[in-house]
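Step one of this worksheet: look at the structure below.
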Amino acid sequence: MEIRRATTVGELVAVQHLYDSPARPEWAERFLAAPGHLMLIAYADGSPAGFVSGIEMLHPDKGIEMCLYELSVDEPYRRRGIGRALSEALAQIARERGCYDMWVGVNTDNEPALATYRAAGARDEGHFAMLAWEFPDS
């Protein structure tokens with residue numbers, strides 16, 4: 001397995017089978033151009049096997065933290081340590097960039113995700129509620 005940072009729209013589109021919805025090239029281009037946005041792709045047998053995306057967040061009194069935005073591993077490659085390796089690689093980049101921490105929101109009943117993040121060194125900070133505003137016309 002090899003993990004590489006995505007730097008082209010083509011790379012982001014090539015892993016769209018791992019996204020929730022098809023990739024839109026204009027959004028992929030915007031993602032790559034946005035400071036602090038990054039995606040790491042794991043390749044196994046020459047094919048994209050998984051990805052992790054991260055977004056740096058900056059606040060005047062806290063500094064920079066990394067949000068692990070999304071992690072996905074293709075079904076045939078699961079339970080091989082790819083998710084853990086991607087999470088660890090993103091955490092290493094966060095440390096190199098001077099982030100004071102990295103966090104991820106996870107549904108409390110998503111045992112595979114919880115196990116993956118714990119194996120990569122994350123600790124449980126307790127339960128919290130996630131509230132969202134939806135803007136359907138966007």
Cα gyration tensor shape for segment 26-70, rounded if a/c is under 1.5, else prolate or oblate: oblate
For the chain, size of Cβ-based charge dipole, Lys and Arg +1, Asp and Glu -1, in debye: 440 debye
Built amide H within the under 5 Å cut-off of ASP74, gap 5+: GLY50
Kyte-Doolittle mean at least 1.6 and Cα axial length at least 27 Å: DSSP H helices in the chain: none
Percentage of interatomic Cα-Cα distances in segment 1-99 larger than 18 Å: 45 percent
Mean ellipticity per residue at 222 nm, deg cm²/dmol - from DSSP H runs of n ≥ 4 across the chain, formula -39500 (n - 2.57): -8000 deg cm²/dmol
Positive dipole terminus of the chain, leading residue within TRP103, THR116, LEU71 (C-beta point charges): THR116
Accessible-area value, ARG118, 1.4 Å probe, nucleic acids and ligands omitted, Å²: 120 Å²
Efficiency of FRET from Cβ geometry, GLU26 and SER47, R₀ 35 Å, rounded to 0.05: 0.90
Rough spin-label spacing in nm, given labels placed 7 Å along Cα→Cβ, for GLU2 and ALA115: 3.0 nm
Accessible solvent surface per residue of segment 15-138, calculated while the other protein chains remain in place, 1.4 angstrom probe, Å²: 69 Å²
Accessible surface of the chain, 1.4 Å probe, proportion on carbon and sulfur as whole %: 52 percent
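The values are calculated or read from the model by the stated rules, or taken from the named source; none is laboratory data. Bear in mind the structure is a predicted one, so any value in this text is a computation, not a measurement. No Cβ is skipped: glycine too gets one built from the backbone with ideal geometry, and neighbour counts run over all protein chains shown. Just so you know, the surface numbers come from the protein's heavy atoms only, side chains and all, with ligands and any DNA or RNA stripped out. Shrake-Rupley method; radii C 1.70, N 1.55, O 1.52, S 1.80 Å.
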